[in-house]
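The values are calculated or read from the model by the stated rules, or taken from the named source; none is laboratory data. As the structure is a prediction and not an experimental result, all values here were calculated from the model. Virtual Cβ from ideal backbone geometry, glycine too; neighbours counted across all protein chains shown.
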Amino acid sequence: MGIIAFMKQKIDSNKGVQYMLIASFSFAIMGAFAKLASESMSSLEVVFFRNIAGVIIIGLTVLNKPITHKGGKPFLLFFRGFMGFLALLAFFYNIAHIPLGDAMTYSKTSPIFTAIFAFLFLNEKLSMKGWIAIFIGFIGIIFITEPNSIGLSKYDVLGLFSGIGAALAYTSIRELKLYYDTRAIVLSFMLMGTIAPAILFFVSSSISSTELDFLFGKFIIPEGKVWFYLIAIGLFATLSQVLMTKAYAETKAGVVGAISYTNILFSIIIGVMLGDALPSIWKVFGIVLIIFSGIMVARAK
């Protein structure tokens with residue numbers, strides 16, 4: 001019986017790893033289609049279409065089975081949606097303007113910041129190994145922003161914000177899940193990602209700021225192959241989310257979390273196929289440190 005149980009555990013573990021590998025690849029493919037769509041429309045519009053499909057899907061489930069929860073944290077719910085929207089917008093803007101692998105690496109800094117925010121706001125303990133991991137992660141961040149350059153570029157700032165904003169959103173979810181149905185939490189993010197762009201489309205014509213161009217954009221009705229890109233973004237993002245959920249259900253979170261960093265490798269390869277330059281030796285070193293840091297944080301927690 002012991003051998004059978006061990007074999008079953010190994011099989012389940014392998015299934016979890018396989019799910020996460022496919023999920024990571026699917027998310028990289030989603031990023032590639034977002035990059036292609038961004039050639040014909042603003043990042044704001046890509047975010048709009050990415051979320052409106054989710055609103056429809058979640059809305060249909062709510063109609064079929066109404067949400068029941070005690071609620072009581074409307075401002076925190078709004079904060080989760082708002083931060084998630086801004087982080088996603090920064091992420092898609094970087095996908096459009098820098099190599100896909102770099103944009104993905106910045107987004108994968110979120111576990112580092114999540115550990116810090118959970119310590120600060122949720123009183124979660126962090127071991128010495130955890131703090132060392134965070135320090136290593138910050139060294140990695142310095143390297144991916146190119147140590148030879150002076151100051152941070154707009155893409156560096158937005159890349160870091162995509163990780164920080166996502167971390168704030170994830171941290172708020174830990175509190176929100178005590179008060180709200182999961183669908184309500186997801187819907188808060190997707191509704192914000194649909195309504196906020198609609199408002200920004202309206203005011204964009206009267207604002208001409210090059211520094212804040214990531215926030216604004218003219219709405220352009222998609223044509224031809226762009227519709228295919230947008231549909232693909234929704235499909236691969238959904239597939240990635242489903243497989244990621246299945247992976248965490250099958251295998252230990254630490255193992256799955258480590259495998260999820262293959263997303264960076266897939267993104268570099270796919271980005272190069274789309275015309276991105278190979279990362280410099282400094283960026284490669286920074287990417288390795290961030291991956292190592294993320295795995296260490298997961299193990300420490």
Quiz item: Do you know which residues across the stretch 191-224 are among the β-branched types (Val, Ile, Thr), touching a helix residue (DSSP H, G or I) at 6+ places or on another chain (Cβ under 7 Å) and part of a loop (DSSP other than H, G, I, E, B)?
Solution: ILE220
Practice problem: Just give me the residues in the stretch 104-128 being basic (Lys, Arg) and without any contact (Cβ under 8 Å) to a residue 40 or more places away in the chain, in sequence order. | Solution: LYS125
Practice problem: Could you identify the single residue in THR210, THR182 that is hydroxyl-bearing (Ser, Thr, Tyr), within 18 Å of PRO66 (Cα to Cα) and surrounded by fewer than 17 Cβ atoms within 10 Å (Cβ to Cβ)? | Solution: THR182
Quiz item: Is there a residue being hydrophobic (A, V, I, L, M, F, W, C) and within 26 Å of ALA298 (Cβ to Cβ) anywhere in the stretch 58-69?
Solution: no
Practice problem: Go over the candidates SER153, SER162 one by one and state the one that is over 20 Å from ARG299 (Cβ atoms) and in contact with a helix residue (DSSP H, G or I) (Cβ under 6 Å, 6 or more places away or on another chain). | Solution: SER162
Self-check item: Qualifying positions in the stretch 256-272 - assigned to a helix (DSSP H, G or I) and buried (at least 19 other Cβ atoms within 10 Å of the Cβ)
Solution: VAL256, GLY257, ALA258, ILE259, ASN263, ILE264, PHE266, SER267, ILE268, ILE270, GLY271
Quiz prompt | For ALA249: the one exception among (1) surrounded by fewer than 19 Cβ atoms within 10 Å (Cβ to Cβ); (2) touching a residue at least 40 places away in the same chain (Cβ under 8 Å); (3) not in a helix (DSSP H, G or I) | solution = (3)
Quiz item: Can you pull out the residues in the stretch 155-194 that are at pLDDT 90 or above and among the charged types (D, E, K, R)?
Solution: ASP156
Exercise. Return the only residue of ALA37, ALA53, ALA28 being under 15 Å from ALA96 (Cα atoms), small (Gly, Ala, Ser) and more than 16 Å from the chain's Cα centre (by Cα).
Key: ALA37
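Residues are listed down the side, and each one gets a yes or a no for (1) closer than 27 Å to THR210 by Cβ; (2) of a type in the set (Phe, Trp, Tyr); (3) at pLDDT 95 or above; (4) out of contact with any helix residue (DSSP H, G or I) (no Cβ under 6 Å at 6 or more places or on another chain):
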{"position": "ILE4", "(1), (2), (3), (4)": "no, no, no, yes"}
{"position": "MET7", "(1), (2), (3), (4)": "no, no, no, yes"}
{"position": "LYS15", "(1), (2), (3), (4)": "no, no, no, no"}
{"position": "MET20", "(1), (2), (3), (4)": "no, no, no, no"}
{"position": "SER40", "(1), (2), (3), (4)": "yes, no, no, no"}
{"position": "ALA53", "(1), (2), (3), (4)": "no, no, no, no"}
{"position": "LYS65", "(1), (2), (3), (4)": "no, no, no, yes"}
{"position": "THR68", "(1), (2), (3), (4)": "no, no, no, yes"}
